[in-house]
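The values are calculated or read from the model by the stated rules, or taken from the named source; none is laboratory data. Computed from a prediction, not measured in an experiment: that's the story for all the values here. Reconstructed Cβ throughout: ideal geometry from the backbone, glycine too, with neighbour counts over all protein chains shown. Side chains included, ligands, DNA and RNA excluded: accessible areas come from the protein's heavy atoms. Shrake-Rupley method; radii C 1.70, N 1.55, O 1.52, S 1.80 Å.
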Amino acid sequence: EGIGIVSANTSLTLTNSEVIVSGTEHSVGVLFQPMDEDASTFLMQSNTITMEDITVTDGRIAAVSIWNLSCSSLAVDILDNKISAGKGDYYSIGISMLNNENCDEDVLIKGNTITSDGASWISYGIAADRTKSLQIEKNAISAGGVDELPDRTEQSIGIALTAEGSSSRTSTTILNNAIYGGSDGNNAYGISLDSNIDALVIFNTIDAGSGVSDEACAIYTETDVSTTAHNNILCAGTNNESYGIFEIRGAATELTHNLFCQDLDVFYETHAESALPQSYTDVATLNAAGAEFVDNVAGDPNFVNFTGHDYHIVFPSPAVNAGRSITGVTHDLDGGARMKGVAPDIGAYELR
């Protein structure tokens, strides 16, 4: 194994450092695991964490891991870092967080560049389990492609959150991020939310990637997830089925002012517990579904370089001046003023 920094204390502060790690079978750049129930803090700011590739069978990489298994009341701030997880044979994860059931954990992930370079099975930018309160803001997040292998269901996901088995709900805000959900393998998701989660998803540009054999979803939710989504650009490409938003046994409370990329097979599909699925393949039908589903648009966002993952928009784009003003959101992912026109632009970036 290769581990750069490990701490079992009640607090860890890491700033302005460079950590480079290479392991033989399993490697972690920064591992924080408080061992008692005292209040704990984790601050990681302005660092460069680089994980080198692992080529052995079942090689596993996590650039940053936080394990709160002692039920500490934990405050986490991950700010302005460059975090890169190399290619692992089993999995590659930029930031991995595991919280004990019903323990207080308050997490802010802001201003980072987070990449996982790919894996043979699972590639995640951010993966969090049972984090009670989580804000993911102004990050560039990219999950690398995974391999197409027999007898495996490969996944590449930009942000993967779950609260399965927890009796308390996770509250998350995902704001002003550029998210690439990877490519190849079976499935690719920009954002995946599973079980007992209330999610506010606003001003993001989400691309689930291309080349996937089964399905690609910009936003995928399953089992008692409540989703409110405003001002997002939602793209997904696949050889089979592509979705802007796909939900199973969840509820979209509001979907407004989103831009659905024009080549999606389905803009929004919902599967209730005991009813046939509803599929919306055009925005006119979606916007007519109720007052909470209005002012969505479809078209080509006109990115600077879609295949190169430069998600800045150029004129003409249906995203321009098509957003909804959100109180307190005054800047885009670049730090530029939001808004510049008569209304904010949809997506992570205002028009240059």
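Quick look at the numbers
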| read-out | value |
| --- | --- |
| Selection count, the stretch 283-302, where residues are without any contact (Cβ under 8 Å) to a residue 60 or more places away in the chain and either crowded, with 19+ Cβ neighbours inside 10 Å or under 17 Å from ILE219 (Cα atoms) (or both) | 6 |
| Residue, modelled with the lowest pLDDT, within the stretch 104-120, restricted to residues that are under 25 Å from ALA75 (Cβ atoms) and in a loop (DSSP other than H, G, I, E, B) | ASP104 |
| So ASP334, is it in a loop (DSSP other than H, G, I, E, B) and buried (at least 16 other Cβ atoms within 10 Å of the Cβ) | no |
| Single residue of ALA275, ALA216, ALA236 found to be small (Gly, Ala, Ser) and either in contact (Cβ under 8 Å) with a residue 40 or more places away in the chain or within 22 Å of ASN321 (Cβ to Cβ) (or both) | ALA236 |
| For SER171: the one exception among (1) in contact with an Asp or Glu (Cβ under 6 Å, 6 or more places away or on another chain); (2) farther than 28 Å from THR10 by Cβ | (2) |
| The lone exception for THR227 - which of (1) free of Cβ contacts under 8 Å to residues at least 60 places away in the same chain; (2) touching a Ser or Thr at 6+ places or on another chain (Cβ under 7 Å); (3) closer than 21 Å to LYS87 by Cα it fails | (3) |
| Test: residue in the stretch 67-81 that is in contact (Cβ under 8 Å) with a residue 40 or more places away in the chain and open to solvent by 20 Å² or more (accessible area, probe 1.4 Å) | no |
| Some residue of the stretch 54-76 being assigned to a strand (DSSP E or B) and under 14 Å from the mean Cα position of the chain (by Cα) | no |
| Every residue from the stretch 5-37 that is of a type in the set (Val, Ile, Thr) and either without any contact (Cβ under 8 Å) to a residue 40 or more places away in the chain or part of a strand (DSSP E or B) (or both) | ILE5, VAL6, THR13, THR15, VAL19, ILE20, VAL21, THR24, VAL28, VAL30 |
| Only one of ASP198, ASP263 that is open to solvent by 20 Å² or more (accessible area, probe 1.4 Å) and not in a loop (DSSP other than H, G, I, E, B) | ASP198 |
| Residue selected from the stretch 160-190 under the condition under 8 Å from ALA208 (Cα atoms) and not aliphatic (A, V, I, L, M), by the criterion modelled with the lowest pLDDT | SER183 |
| Residue within the stretch 130-142 that is among the acidic types (Asp, Glu) and over 11 Å from the mean Cα position of the chain (by Cα) present | no |
| Test: residue in the stretch 236-258 that is part of a strand (DSSP E or B), open to solvent by less than 50 Å² (accessible area, probe 1.4 Å) and under 21 Å from VAL314 (Cβ atoms) | no |
| Filter pass, LEU193 being open to solvent by less than 20 Å² (accessible area, probe 1.4 Å) and either closer than 14 Å to ALA128 by Cα or not in a strand (DSSP E or B) (or both) | yes |
| Within the stretch 202-224, considering residues that are under 20 Å from GLU254 (Cβ atoms) and not in a strand (DSSP E or B), the one most open to solvent (accessible area, probe 1.4 Å) | ASP224 |
| Restricting the stretch 252-277 to residues that are modelled with pLDDT of 85 or more and among the hydrophobic types (A, V, I, L, M, F, W, C), the residue that is farthest from THR205 (Cα to Cα) | VAL266 |
